[in-house]
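Note sheet for the following structure.
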Amino acid sequence: MININNRSAKKAKIIHLNNLRAKVLKSKHLNSLPNYILKFIKANLDELLSANPLELTELNKKYYSIQKSSNKRKYDSIIKKVFSYKNFSKDKKEYNLNDLSNNISIKYCPYCNRQSTINVRANLIKPDFDHYFPQSRYPILGLSFHNLIPSCTVCNSRFKLNKPLRLKFYPHPYMDNIIEDFNFSYKYDINSKNTISIILNKNNPIPPKVIRHLKLFKILETYNAHNDEIFDLIKLKQIYSDRYLHILSSQTYTGLKVSQKELYRLAFGVFYDSEDFGSRPFSKLKKDILEELNII
Ligand SMILES: [Zn+2]
């Protein structure tokens with residue numbers, strides 16, 4: 001999982017709040033709610049739209065503590081219309097899901113760092129947005145910025161589905177950074193030297209939260225379908241020993257100012273710094289293997 005709480009996300013959150021505050025308050029469905037719920041929404045609207053994931057779970061608890069349980073179903077269905085993700089995604093005139101997607105500008109799914117989440121409006125290619133806290137159980141968080149995770153269809157609709165994840169047990173892309181908590185490794189298949197499997201480096205204990213994430217999104221299974229990425233790195237090592245970047249660097253025309261990080265990107269197709277991992281697929285996988293091979 002890649003942490004996506006970067007500078008663009010922080011800006012995107014402010015735009016999200018400024019645009020949706022008015023939109024929610026204009027909703028005709030607010031009139032169907034009793035006064036005490038209306039009061040709660042008005043008093044907590046900014047937080048409902050922009051609070052961090054932990055605060056969102058607290059707000060949700062607070063909401064259900066004031067809501068009379070006998071009317072839960074009725075009020076939940078109205079709340080779902082007030083914080084309507086469906087309308088937000090369909091809206092063509094005002095601030096909508098496309099805008100959010102462009103503002104966040106994450107190119108690869110933060111859950112898997114494998115599939116694209118690029119928004120190509122003209123061709124109607126857009127990322128899914130996963131409700132980290134599912135709308136079915138958390139209707140009041142339907143439009144919360146930190147509850148809308150740009151993700152690929154596989155992660156959203158095949159692996160995570162409507163599972164209500166608890167922040168204590170699963171990492172959240174806006175809250176946790178698990179990059180340093182584990183490392184990918186590889187091994188040759190026992191039966192064939194020409195087949196390698198991507199595995200986890202077990203030298204250091206991996207936190208249970210990370211293990212749960214890797215299992216839920218079937219990271220090793222899906223990554224192993226791309227093991228050719230690792231073959232190429234091993235081949236580079238065999239051809240150039242561990243001096244590949246050094247050789248590239250020394251052969252670079254001196255008039256060109258190419259930094260070591262740029263050279264790394266040009267050579268391996270991924271960014272060096274973890275805050276840029278969301279811009280290219282398999283960024284962590286490749287960096288871990290390059291380190292293991294002593295190429296970098
Ligand atoms: Zn994904």
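Mind checking whether some residue in the stretch 40-50 is crowded, with 19+ Cβ neighbours inside 10 Å and within 16 Å of the ligand (Cβ to nearest atom)?
Among the residues of the stretch 40-50, not one is crowded, with 19+ Cβ neighbours inside 10 Å and within 16 Å of the ligand (Cβ to nearest atom), which makes the answer no.
Give the residues of the stretch 1-14 that are surrounded by 15 or more Cβ atoms within 10 Å (Cβ to Cβ) and farther than 25 Å from Phe217 by Cβ, sorted by residue number.
Listed by number, the list is empty, since nothing qualifies.
Quick one: in the stretch 95-117, which of the residues that are within 13 Å of the ligand (Cβ to nearest atom) and open to solvent by 30 Å² or more (accessible area, probe 1.4 Å) is nearest to the chain's Cα centre (by Cα)? Full working, then the answer.
Filtering the stretch 95-117 down to residues within 13 Å of the ligand (Cβ to nearest atom) leaves 106-117.
Among the residues that remain, those that are also open to solvent by 30 Å² or more (accessible area, probe 1.4 Å) are: 107-108, 114-116.
Numbers: Lys107: 10, Tyr108: 8, Arg114: 11, Gln115: 11, Ser116: 11 Å.
Among them, the one singled out is Tyr108.
I'm checking my understanding of the structure. Among residues of the stretch 138-187 that are of a type in the set (Lys, Arg) and away from the ligand (no atom under 16 Å from the Cβ), which one is least open to solvent (accessible area, probe 1.4 Å)? Even if it seems obvious, please write down each step before you answer.
Going through the stretch 138-187, the residues of a type in the set (Lys, Arg) turn out to be 158, 160, 163, 166, 168, 187.
From what's left, away from the ligand (no atom under 16 Å from the Cβ): 166, 168, 187.
Values: Arg166: 137, Lys168: 144, Lys187: 101 Å².
The extreme case among them is Lys187.
Counting just the residues of the stretch 95-115 that are in contact with a strand residue (DSSP E or B) (Cβ under 9 Å, 6 or more places away or on another chain) and free of Cβ contacts under 8 Å to residues at least 60 places away in the same chain, which one comes out nearest to Phe277 (Cα to Cα)?
Across the stretch 95-115, the extreme among qualifying residues is Cys109.
State the number of residues belonging to the stretch 188-225 that are surrounded by 12 or more Cβ atoms within 10 Å (Cβ to Cβ) and among the small types (Gly, Ala, Ser).
Matching residues across the stretch 188-225 total 1.
Within the stretch 271-286, count every residue that is touching a helix residue (DSSP H, G or I) at 6+ places or on another chain (Cβ under 8 Å) and closer than 19 Å to Leu220 by Cβ.
Residues that pass the stated criteria total 6.
Among the residues of the stretch 168-185, are any small (Gly, Ala, Ser), touching a helix residue (DSSP H, G or I) at 6+ places or on another chain (Cβ under 8 Å) and assigned by TED's automatic domain parsing to the domain that holds Gln67?
no
Hey, can you tell me all the residues within the stretch 6-46 that are modelled with pLDDT of 95 or more and within 21 Å of the chain's Cα centre (by Cα)?
If the condition is that a residue be modelled with pLDDT of 95 or more and within 21 Å of the chain's Cα centre (by Cα), then Ala9, Lys10, Lys11, Ala12, Lys13, Ile14, Ile15, His16, Leu17 are the ones that fit.
Filter the stretch 61-79 for residues that are within 15 Å of Leu30 (Cα to Cα) and either open to solvent by 100 Å² or more (accessible area, probe 1.4 Å) or not assigned by TED's automatic domain parsing to the domain that holds Leu30 (or both) and give the result.
Lys74
Quick one: would you say Lys92 is modelled with pLDDT of 95 or more, away from the ligand (no atom under 16 Å from the Cβ) and either touching a strand residue (DSSP E or B) at 6+ places or on another chain (Cβ under 7 Å) or not assigned by TED's automatic domain parsing to the domain that holds Phe282 (or both)?
The answer is no for Lys92.
Do you know which residues across the stretch 121-137 are closer than 22 Å to Pro281 by Cα and open to solvent by 50 Å² or more (accessible area, probe 1.4 Å)?
Arg121, Asn123, Leu124, Ile125, Lys126
The values are calculated or read from the model by the stated rules, or taken from the named source; none is laboratory data. On a predicted model such as this, the values are computed, not experimentally measured, just so you know. No Cβ is skipped: glycine too gets one built from the backbone with ideal geometry, and neighbour counts run over all protein chains shown. Please note that ligands, DNA and RNA were not included when accessible areas were found on the heavy atoms of the full protein model with its side chains. Shrake-Rupley method; radii C 1.70, N 1.55, O 1.52, S 1.80 Å.
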